[in-house]
Structures are given as C-alpha cells and as structure tokens.
1. Restricting the search to the range 148-199, which residues are small (Gly, Ala, Ser) and farther than 30 Å from residue 220 by Cβ?
2. Identify, from the list 128, 118, the residue that is more than 30 Å from residue 158 (Cβ to Cβ), surrounded by fewer than 18 Cβ atoms within 10 Å (Cβ to Cβ) and modelled with pLDDT of 90 or more.
3. Do the conditions hold for residue 166, that is, is it over 21 Å from residue 79 (Cβ atoms), loosely packed, with under 15 Cβ neighbours inside 10 Å and either among the hydrophobic types (A, V, I, L, M, F, W, C) or out of contact with any Gly (no Cβ under 9 Å at 6 or more places or on another chain) (or both)?
4. Can residue 116 be described as within 17 Å of residue 197 (Cβ to Cβ) and of a type outside the set (Asp, Glu)?
5. Of all residues in the range 19-45, which are closer than 16 Å to residue 193 by Cβ and modelled with pLDDT of 90 or more?
6. Take residue 156 and decide whether it is of a type outside the set (A, V, I, L, M) and at pLDDT 90 or above.
7. Over 21 Å from the mean Cα position of the chain (by Cα), assigned to a strand (DSSP E or B), among the charged types (D, E, K, R) and modelled with pLDDT under 95 - does that describe any residue in the range 57-65?
8. Scan the range 184-204 residue by residue and report those that are surrounded by fewer than 20 Cβ atoms within 10 Å (Cβ to Cβ) and of a type in the set (Val, Ile, Thr).
Amino acid sequence: MRKVVLSFVFVMASLMVFSQKRYSYGFTVGSGVSFLTGSNSGLYVSSAPKVDITAGINGDVRVWKSFYLQAEIDYQNIGGGKETNNVIPIPMGGYDKYTFQYISIPVMLKFKIPETGFGFYAGLQNSFLLSGKVRTGATVPAFPNSSPNEEPNSSYKAGNLSNRDFSGIAGIENYWHIKSGNQIGFSIRYQWSLNSIDNDSNTATTLKSNVFLLSLGYRFK
C-alpha cells in the first residue's frame, strides 16, 4: 500500500514539476449513496442503499487544449443495506448491512469547457481494501455465506471479500474562482465495479459495488 501511495505522489509531482502546462491540486470531501448488486446464473438482485462518505486529495494537469489528466487518492466508506430479494443466493448474501472501507486511486481524463469551470470526466479506479464488515439482522445468513458461530444483530469481518475493487468512473464538475485566485466547487460522479469484489470460486455468481457521490472541493491554482 505504501508503495502505491508513493508512486501516486511521484507521478503527480513529476507531472507538475516537469510539465510546462497548466495544473492545479486540491482536496475534496463528500457523501452519497452506495449499494451492492449480485448475480447468480443470470438472475440479479440489489441491496438497499447505504449512506457513504469520501475524502481525498487530487491533482490535474493539462495535456492538450481543454483536456486534462486527473489523479486522486481517496478514502471511501461504501457498501449496502439489506438485499431487496434474498431468494437468489449470491456471495455474502443475507446480511442486513455491508460496510467496506477502501483507499482508492482513480485516474481520469477530463474535458473542461473553455471560459467556464464546468467539466466532464471519465476513467478507471483501483481500490485497496482497508476493512470489510457485515452485520446480521434478526436472523443469521445460512452457511456458507456465514460462519457457524455468527449471532443475530452482530457485526463480523467480511471473510470472502477481495482485496481489490477495479472500477469505472464517470462524472461532472463545476468550479468557481474566488478572490484568492483559488477555486471552490462540486463534483457529481457514478462509480461501478468492473470485477466481482468477492473471492467466491463459483464463476456463475458475482458481487459488485455501485456508488453515487456528491463532493465539495477546494483547488489551489
């Protein structure tokens, strides 16, 4: 993990120091909703939404005209609530709440509309699991989703969760200049897992994250 963070810092510093093009850096904090989707042999189910939080630092550099490359390091607390249909068996199914914490590193290509603070962006994100927890409800999920010693209304480590979540990202942003010359603004994005986030050996089943985020940001110019 430390090597990943150091690599990010090195890449962003190199872009800013050696590039003769315009760049900025800043930080964001935000919240939104996340939910899980699962499938089993072509049948799909989704969880109830969970309120999530995020915070991070970012930097962008102009690569050509109105196109920018943006990279970030973000903390994310995401997951989902109870399944809307627990008849379909999916990996780690049957719990009332799922809470996954990640350090996420997205890299995105951004287009800024000239003479405005409005922009569109899309890219890929690699997330590294910090912790994963599940909470039982009044009943405990049936084995093998749960361990034999789990009890109702209790929290446990999500034992079958992958250490990585590779995701796609798409979003919009709008920033305004303030008197200091820096910028404040907001960003709205959607993030979705490209791979299954569980370690289930059954290739017919999948579990994926879906996240909607609204973030407030401050940028130094």
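The values are calculated or read from the model by the stated rules, or taken from the named source; none is laboratory data. Everything numeric here is computed off the predicted structure, so don't read it as measured data. Counting neighbours? That spans all protein chains shown, and the Cβs are built from the backbone with ideal geometry, glycine included.
1. Within the range 148-199, the first condition is being small (Gly, Ala, Ser), and the residues that meet it are 154-155, 158-159, 162, 167-168, 170-171, 180-181, 185, 187, 193, 196.
154, 155, 158, 159, 162, 193, 196, listed by residue number.
2. Values: 128 fails: more than 30 Å from residue 158 (Cβ to Cβ).
When all the criteria are applied, what remains is 118.
3. Values: over 21 Å from residue 79 (Cβ atoms): no; loosely packed, with under 15 Cβ neighbours inside 10 Å: yes; either among the hydrophobic types (A, V, I, L, M, F, W, C) or out of contact with any Gly (no Cβ under 9 Å at 6 or more places or on another chain) (or both): yes.
Answer is no for this residue.
4. Values: within 17 Å of residue 197 (Cβ to Cβ): no; of a type outside the set (Asp, Glu): yes.
It is false that residue 116 is within 17 Å of residue 197 (Cβ to Cβ) and of a type outside the set (Asp, Glu).
5. Within the range 19-45, 32, 33, 34, 35, 36, 37 meet the criteria.
6. Values: of a type outside the set (A, V, I, L, M): yes; at pLDDT 90 or above: no.
Taking the combined requirement at face value, the residue does not satisfy it.
7. yes
8. Within the range 184-204, 184, 188, 203 qualify.
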